[in-house]
Amino acid sequence: MTKRYKTRFMITAALVLSLLMPTGAQASSLPYDSYMYTVDSEVRSIAGYVYKQSIDGIGLPSGAFNRPESIHIADDGSIYIADAGNNRIVQLDAGHNFVRTYGDDDGPGKLSEPKGLYVKEDGTVYVADTKNGRIVVFTEEGEFVRDYPKPQSPLIGSTFSYSPSKLILDKRDYMYVVSDGNTQGLLQIDPNGDFKGFYGANHVGFSWSRLFVKLVATEEQRRKMTAIRPAEFSNLDMDQEGFMYTTTIGEESNQLKRLSPVGVDTLNFGVERQYGDFYSIGPFTMASFIGVSVSEDGIITALDLQTSKVFQYDKLGNFLFSFGGVGEQNGLFATPSDLDQNKDGDIYVVDRGRNRVDIFRTTPFADLVHEASILYVDGRYEEAEALWQEVLRTNANYEMAYVAIGKALYKAERYKEAMDYFKLARARHDYSVAFKEYRKEVVRENFTVIALGLVALFILLRWGLPKLIRTVRRRAKLGAKSGLQLRKGETQ
Amino acid sequence: MNTLVMMRKVMARPFDFYEDIQMPGAIRWSHPLLIVALAYVVRMVVLYASGFAFQTREPYEISALQEFIWLVVPFATWCVAHWAVSAILDGEGKFKEIVYGSAFALVPYTVFMIPVTLLTQLIALDEAGTVTALTYAIYAWVGWLLLLKVQILHNFNLAKTLFIVALSVIGMLIIWFVGVLLYGLANQFINFFLDIVKELRMRA
């Protein structure tokens, strides 16, 4: 009796609670879908990031932001926002409290629609002062130090339109500058303001249709055609080892690149990989990456303007998570323009359309995947295995986990099990590698049986089969003869 | 003569085979049908039984009906187009000889493709060269038998054989085009009448 009463009470309580908190339940559901890509399809997944809060400047001494373009989070957690509509840079501390602004005082340091910035470890602020066509340097306290106007070089030419939008400094204090509309690569400028060359330019690939047009078109027609230019860079980030991560717009594949110090793409080495969502409708819906941020562990987070989604990849370029989208709810964006992440792994996405910065935190699932993926990328498969098993317990659709566990098993020389995992992930190449080892093992263990079997098979084919055929033929002949005799007998 | 004997003959002595089938009364209609059915079965076995690393399609992507259409329709249109083209251009072959000869050109595929498929169960991807070479060899054999068939049945020289084959392929494409066109027109035609019926019912 008491037991039954208890359960009834529990059910009623649950019902009442669920009635009381519909808004709470609503808020916890996400405005975007979470998914993974398998070899050939999209499957549901668990969200890696959820919306936490926003900063819009309202209530801060700085006042509301206006068309913020970019964000930079320094190592100490200070947040710098390029508030382009207000022609200034706003600095907040790690707790989102106002610290100071840069470049809104009249004088040589007056900014005009700055679209990007970089902060050195000592706190010196480098701003891409886009409308003024220069790079401006401020001290940590906000005092103007100097500016770098358009660099002069025969390589650049007089018709070059210089509008620096994003920049980064390497360890030598060389500036790498993205200039809007420039297809020759990143501009390298040394600390004296001298132009040091273009870096890591994109290339125009070979195309059959272009070759055909070239062969058919007349001189006059060719002149009227638009020149084919390599795609332009839209954003950049740099990791501790000095590798440059870039985003490219106007390309269908390899939009994310990791450039080595000599400008070679090491992320998509020898492969064509499509980042972002897989569209098949054509160039109108091609992913258009405009922001990139790389974590200390090499996890790459990139922002796609086309879908307003954020995509995250591991160091090898394997897809991990996506979130965001177009919309009005918290967690979706109007017109996102850039992103960065802090030490805790929170991702800050600048929403230019809604004049605010949205902050996303990781879910426990994402933390697990990140931890496992970092070990995996380092080649520490055995250590990663337990974590990946945990990932699979939470989300059996996570295909990467099967590959990772397969590799761990392979390393532990448990080839048959490794094959099973690779098969689940449909990783044909890895499967084949494990299979080869497995085959070796089987042959070694059953050598006598296999050798004897082969000898027996040879004997059978060499002597047995011809003999069998001869006997069958003789029988058939005899049968035909006796059949004839029988028929003869019948007629008689 | 049963089918097995003929299959052996087309592989062992193809010249004699194509001479012999021109003898009166040498052709049974059941033989080519059996060979095409066998080729279909072999095709399905190849798709399902190849080693995991060698599968180019997931099992759910394989459609038995589609595979059947992709084998029977090209074969049938080849026979018709080739017969039409060769009949116009002084070929000596009869339609039934063409069907018979074309079907038997598939024999190497039906016989050797299954061992090659079983081989893929035993080898790794970096040894795939063997399988690829064997597969190409089988296809080349089939192609060579087809050419031989054209040459011997119609008593052509090599240049004319190649010319007729090219024309036959164009003929196949034309047949397909007309087929698709007729399908579209018939569809519109039927829809037109259905719409009239609908309209009449609405007004009545």
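The values are calculated or read from the model by the stated rules, or taken from the named source; none is laboratory data. This structure is a prediction, so every number in the text was calculated from the model and none was measured. In this analysis, Cβ positions are derived from the backbone assuming ideal geometry, glycine residues included, and neighbour counts consider all displayed protein chains.
A search for C-beta distances below 8 Å between a residue of segment B:116-130 that is within 10 Å of residue B:53 (Cβ to Cβ) and any residue that is of a type in the set (Phe, Trp, Tyr), counting only pairs 6+ apart in sequence or on different chains, returns B:120/B:54; B:124/A:435; B:125/B:54; B:128/B:54. Taken together, A:83, A:56, A:40 contain a single residue that is of a type outside the set (A, V, I, L, M), farther than 18 Å from residue A:115 by Cα and at pLDDT 60 or above, which is A:40.
Yes or no, residue by residue, for (1) in contact with a Lys or Arg (Cβ under 9 Å, 6 or more places away or on another chain); (2) away from chain B (no Cβ under 13 Å); (3) over 20 Å from residue B:123 (Cα atoms); (4) of a type in the set (Asp, Glu):
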| residue | (1), (2), (3), (4) |
| --- | --- |
| A:405 | no, yes, yes, no |
| A:412 | no, yes, yes, no |
| A:431 | yes, no, no, no |
| A:435 | no, no, no, no |
| A:440 | no, no, no, no |
| A:452 | no, yes, yes, no |
| A:455 | no, yes, yes, no |
| A:461 | no, no, yes, no |
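Can you name every residue in segment A:38-59 that is away from chain B (no Cβ under 14 Å) and among the charged types (D, E, K, R)? The answer is A:42, A:44, A:52, A:56. Here are A:211, A:155, A:117: which of them is touching a His at 6+ places or on another chain (Cβ under 6 Å) and at negative phi? After applying the criteria, what remains is A:117.
Screening residue A:314 against (1) crowded, with 17+ Cβ neighbours inside 10 Å; (2) of a type outside the set (Phe, Trp, Tyr); (3) on the phi > 0 side of the Ramachandran plot leaves a single unmet condition, (3).
Scanning segment A:414-429 for residues being at pLDDT below 90, surrounded by 18 or more Cβ atoms within 10 Å (Cβ to Cβ) and either out of contact with any helix residue (DSSP H, G or I) (no Cβ under 6 Å at 6 or more places or on another chain) or away from every other protein chain (no Cβ under 12 Å) (or both) gives a total of 0.
The residue list B:128, B:159, B:81 contains one member that is of a type in the set (A, V, I, L, M) and within 18 Å of the chain's Cα centre (by Cα), which is B:81.
Quick check on residue A:101: is it β-branched (Val, Ile, Thr), more than 29 Å from residue A:312 (Cβ to Cβ), modelled with pLDDT of 90 or more and crowded, with 18+ Cβ neighbours inside 10 Å? When the stated conditions are applied, residue A:101 passes them.
Within segment A:362-418, the residues that satisfy the criterion of being hydroxyl-bearing (Ser, Thr, Tyr) and within 23 Å of the chain's Cα centre (by Cα) are A:362, A:363, A:373, A:376, A:381, A:394, A:398, A:402.
Within segment A:111-131, the set of residues being hydrophobic (A, V, I, L, M, F, W, C), assigned to a loop (DSSP other than H, G, I, E, B) and either modelled with pLDDT under 90 or within 29 Å of the chain's Cα centre (by Cα) (or both) is empty. Across segment A:326-339, the number of residues qualifying as touching a residue at least 12 places away in the same chain (Cβ under 8 Å) and out of contact with any Asp or Glu (no Cβ under 8 Å at 6 or more places or on another chain) comes to 5. Note on segment A:392-403: among residues that are more than 14 Å from chain B (Cβ to nearest Cβ) and in contact (Cβ under 8 Å) with a residue 60 or more places away in the chain, the one that is nearest to residue B:128 (Cα to Cα) is A:400.
Of the helices (runs of 4 or more DSSP H) lying entirely inside segment A:378-492, those carrying at least 1 residues that are in contact with a strand residue (DSSP E or B) (Cβ under 7 Å, 6 or more places away or on another chain) are A:399-411.
Residues are listed down the side, and each one gets a yes or a no for (1) away from every other protein chain (no Cβ under 14 Å); (2) within 19 Å of residue B:39 (Cβ to Cβ):
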site	(1), (2)
B:87	yes, no
B:105	yes, yes
B:109	yes, yes
B:112	yes, yes
B:128	no, no
B:153	yes, no
B:160	yes, no
